[in-house]
Structure formats: C-alpha cells, structure tokens
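**Q** Before I ask anything, let me first share the structure, which is written out below as structure tokens.
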Amino acid sequence: MNLVLLGPPGAGKGTQAKLLVKALSIPQISTGDILRAAVKEQTPMGAKAKAFMDDGLLVPDAVVVGIVEERLAKPDCVAGFILDGFPRTVSQADSLRCMLEGQARSIEHVISISVDNDELLGRITGRRTCKGCGKGYHICFDAPRVPGKCDECGAELFQRDDDREETMRKRLEVYDLQTAPLIDYYRNASLLRDVRGVGSIESIQHQILSIVQGDVG
Ligand code: AP5
C-alpha cells in the first residue's frame, strides 16, 4: 500500500505514520527526519538544507526529490510506503507521480490531516523528541512517564530547533502558500481523504486505518 500523509506542521503526520508502520508493516519515509539526520551528520546535503530549515522554509525541490527517489528504490519499499512530509509542492507531487509511473506504481491514498493553527502552535511548542530512538512526545498531551526521559529507551528528550514560535509561524505561512494547493491537486485526482486531526491519537489512527483498509467508502 502506497500512502501520503498531508497536513500542516504539527498535524500529527509523524505520530500517525509511526503507528501505521506497526499496523501495516510498511516503512515511514519522513523527508524531515532524513534531512535532520543529514544536518546532524554534517553531510554536504545537510549543510545545504540547514539554512532553509532553520528559517522555516522548504528545502529546494531537487534536493528532496532526489532523497525520496533514492529511498523508494530500497527493498523495504517494495510492499509499500508511507510518505510523511513529502510531497510539499505541486512540483514535488508531479515528480513523485512520474517516478512511480516509471516503476508501474502509484499512490493509493492521500490522507489530509487538518488541525486549526492555534492548536498547531500549542502542539509544536510542546513537542519533544527522544535523542536515542526518535520517539515523539508532547509535554501535556503525550507526556513521558519521567519528565525529559524517553519511556522506551530512557534517553534524553530534546526540542527541535525549528519549533520556536517565530519559525513555526513561518512554517505555517509556507504550508498555506506552497503545500495547501496539494489538497485540490489530490482531490482532483480522487485520491484525497480528509481526517480531522483533533481528538485522541488512537481515534485518529482508527479513522486512517478504516480508510486505508477500505472500511469507509
Ligand atoms: P518536517 O519534519 O516534515 O516537519 P513538518 O511537516 O513541519 O511536520 P512536523 O514534524 O512539525 O509535524 P507532524 O505533522 O509530523 O506532527 P507530529 O506527529 O510530530 O519538516 C521539517 C523541515 O524540513 C521543513 O520545514 C522543511 O524545511 C524541510 N522539509 C521536510 N520535507 C520537505 C519537503 N518535502 N520539501 C522541502 N522541504 C522539506 O506531532 C506534533 C506534536 O503534536 C507532537 O508533540 C505530538 O505528540 C502531538 N500530537 C500529535 N497528535 C496529537 C493529537 N491528536 N492530539 C494532541 N497532540 C498531538
């Protein structure tokens, strides 16, 4: 099954993708995670991406399309994949379609997760991530048992550099301008399904699974 999770920063794409990995046994491909790993490892691509990410802007299309093309060619994607944070522009969506057509594959579902901006700001400023295993938390809505420590591996939690309020506001503007047009793009292709991303993480997961497993028409 080939899925795209679409939604503004903080909508819960990463949270839901990680649960879908367990439910569907297909990998999550998060361009944000891949870029952050490249920044951490100080690769040439990471160095190029860092300035854009720190300013809340999109990394150039050619860079992210190359990342995704390379990742989709790996054997674990044969049975399907969950794209989290890609595509983010109409040009990226066109590139993805061409890339998949060349391999006789296509996107089957695009899940658009919607959440109001005030809620998004609260979520992002309270988000924490594990330095060890990458598990995500929220200091109020999904808090670790021991403050600042991961429930799974005990490693320290950190706040992302681009989760400061000013950068977050820029990311929301960029989403409205460059990524929101994909909602109509995929609606016109009859691939889009809307999910309200508010409520318990489990109830949202249930709605997404119902859609992708065909229980909802
Ligand atoms: P990326 O890492 O993709 O960030 P994003 O899309 O801005 O999304 P987030 O990771 O912030 O949010 P999310 O929707 O995954 O929410 P999460 O599940 O974490 O991209 C970062 C940067 O990389 C971009 O700004 C850009 O520079 C670059 N980049 C990446 N992809 C690119 C591309 N394709 N093209 C160009 N540039 C690209 O949840 C957020 C918080 O809310 C968590 O704390 C979570 O615990 C909590 N939460 C989740 N669900 C709920 C719920 N139901 N109720 C309450 N709290 C919840």
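**Q** Quick check: net charge around Thr167, other residues with Cβ under 12 Å of its Cβ, Lys/Arg +1 and Asp/Glu -1?
**A** Around Thr167, the charge tally is -3.
**Q** Hey, another quick one. Considering Cα pairs under 8 angstrom that are at least six residues apart, work out the relative contact order of region 96-174 and quote it in whole percent.
**A** The normalised contact order for region 96-174 reaches 25 percent.
**Q** Then there's this: Toward the positive end of the charge dipole of the chain, about the Cα centre and with charges on Cβ (Lys, Arg +1; Asp, Glu -1), which of Val59, Gly12, Thr129 goes farthest?
**A** Checked the options; the winner is Thr129.
**Q** Can you give the charge dipole size of the chain about its Cα centre, rounded to the nearest 20 debye, using +1 on the beta carbon of Lys and Arg and -1 on the beta carbon of Asp and Glu?
**A** 420 debye
**Q** Could you give the spread of the C-alpha atoms of the chain along their three principal axes, from largest to smallest, in whole angstroms?
**A** 46, 42, 34
**Q** Filter Lys22/Lys135; Lys13/Lys149; Lys74/Lys131; Lys13/Lys135; Lys50/Lys170 down to the pairs with a C-alpha to C-alpha distance above 20 Å, please.
**A** Lys13/Lys149; Lys74/Lys131
**Q** Please state the charge dipole magnitude for region 81-207, taken about the Cα centre, from unit charges on C-beta atoms (+1 on K and R, -1 on D and E), reported in debye and rounded to the nearest 20.
**A** Taking the Cα centre of region 81-207 as origin, the dipole is about 240 debye.
**Q** Here is a follow-up. What net charge is computed for the residues neighbouring Ala62, neighbours being all others with C-beta under 12 Å from the C-beta of Ala62, Lys and Arg scored +1, Asp and Glu -1?
**A** -1
**Q** Also, quick follow-up: Probe radius 1.4 Å, ligands and nucleic acids ignored: give me the carbon and sulfur share of the accessible area of the chain as a rounded percent.
**A** In the chain, the share of accessible area belonging to carbon and sulfur is 53 percent.
**Q** Around Gly122, what is the net charge, scoring Lys/Arg as +1 and Asp/Glu as -1 over all other residues with Cβ under 11 Å from its Cβ?
**A** Net of charged neighbours comes to -2.
**Q** Counting other Cβ atoms within 10 Å, keep those with at most 13, restrict to DSSP loop, and tell me which trypsin sites (Lys or Arg not before Pro) in region 137-172 are left.
**A** Qualifying residues, ordered by number: Arg145.
**Q** Given contacts defined as C-alpha pairs under 8 Å and at least six residues apart, what's the relative contact order of region 1-123, whole-number percent?
**A** Relative CO of region 1-123 lands at 48 percent.
The values are calculated or read from the model by the stated rules, or taken from the named source; none is laboratory data. Here the structure is a predicted model, which is why all the values come from computation and not from measurement. Backbone-built Cβ (ideal geometry, glycine too); neighbour counts: all protein chains shown. Note: accessible area is taken over every heavy atom of the protein model, side chains too, but ligands, DNA and RNA are not part of it. Shrake-Rupley method; radii C 1.70, N 1.55, O 1.52, S 1.80 Å.
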